[in-house]
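See structure below.
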Amino acid sequence: MNAIINRRVARVGAILSDAGAEKQALLSQFAALRRSEGFCVGGVVEFVDPDCATPCGGLYALDLFDGARIRISQDLGPGSTACNLDPGGVALACAAAQRAVEAGADVLILTKFGKLEADHQGLGDAFAAAIAAEIPVLTTLKPVMRAEWRLFAGELSDELPPDAAAIESWWRGLARGSVAA
């Protein structure tokens, strides 16, 4: 089995991969499995609205606690080829995740740890709230952000491959009470 079973498991699991859509699918799958087991799942997962024709105008966060769609990107106009996160939308996504923590979610899923979070913005407050409340967190991480992640999470995190079996092994480790303090 996976080596993660034979050691203490941290409360934060970070799926390490460059494949954005694949990581978001793993987060959604994990959320669905936990719900089917009766767990209260909170947090946000990123998705692109397939009906939006602009390069980045259709980027959303799905609030896993209440199903709300939160627009997190802004369209910079017809001549733009750049994407830009909408600070207001990102703040709403963070607030939604924090509400789930306050409501007693069993697990929090946060779409990613990226540049904003490394700068103590973005979903940073939601990470902090969940960690303080001792709620397990599952997130994603690009390899280029690994050093920043380790500074942020340290011993509280396990880096996971983008593999459903490894994620399930991490979750089972938490359930057995082998969580790192």
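The conditions are (1) in contact with a Cys (Cβ under 9 Å, 6 or more places away or on another chain); (2) at pLDDT 95 or above, and residue 48 fails exactly one of them. Which is it?
For residue 48, the failing item is (2).
Here are some conditions: (1) within 13 Å of the chain's Cα centre (by Cα); (2) closer than 14 Å to residue 10 by Cα. Residue 175 meets all but one. Which one does it not meet?
Every listed condition holds for residue 175 apart from (1).
Is one or more of the residues making up region 105-113 within 11 Å of the chain's Cα centre (by Cα) and either surrounded by fewer than 18 Cβ atoms within 10 Å (Cβ to Cβ) or among the hydroxyl-bearing types (Ser, Thr, Tyr) (or both)?
yes
Taking the condition of being hydrophobic (A, V, I, L, M, F, W, C) and under 19 Å from residue 26 (Cα atoms), how many residues in region 146-160 meet it?
The number of residues fulfilling the criteria is 1.
Mind listing just one residue for me: the one in region 64-82 that is in a loop (DSSP other than H, G, I, E, B) and at pLDDT 90 or above and, of those, nearest to the chain's Cα centre (by Cα)?
Filtering first and then ranking leaves 64.
The values are calculated or read from the model by the stated rules, or taken from the named source; none is laboratory data. Quantities reported herein were computed from a predicted structural model and do not represent experimental measurements. Glycine gets a Cβ as well: all are built from the backbone with ideal geometry, and neighbour counts include every protein chain shown.
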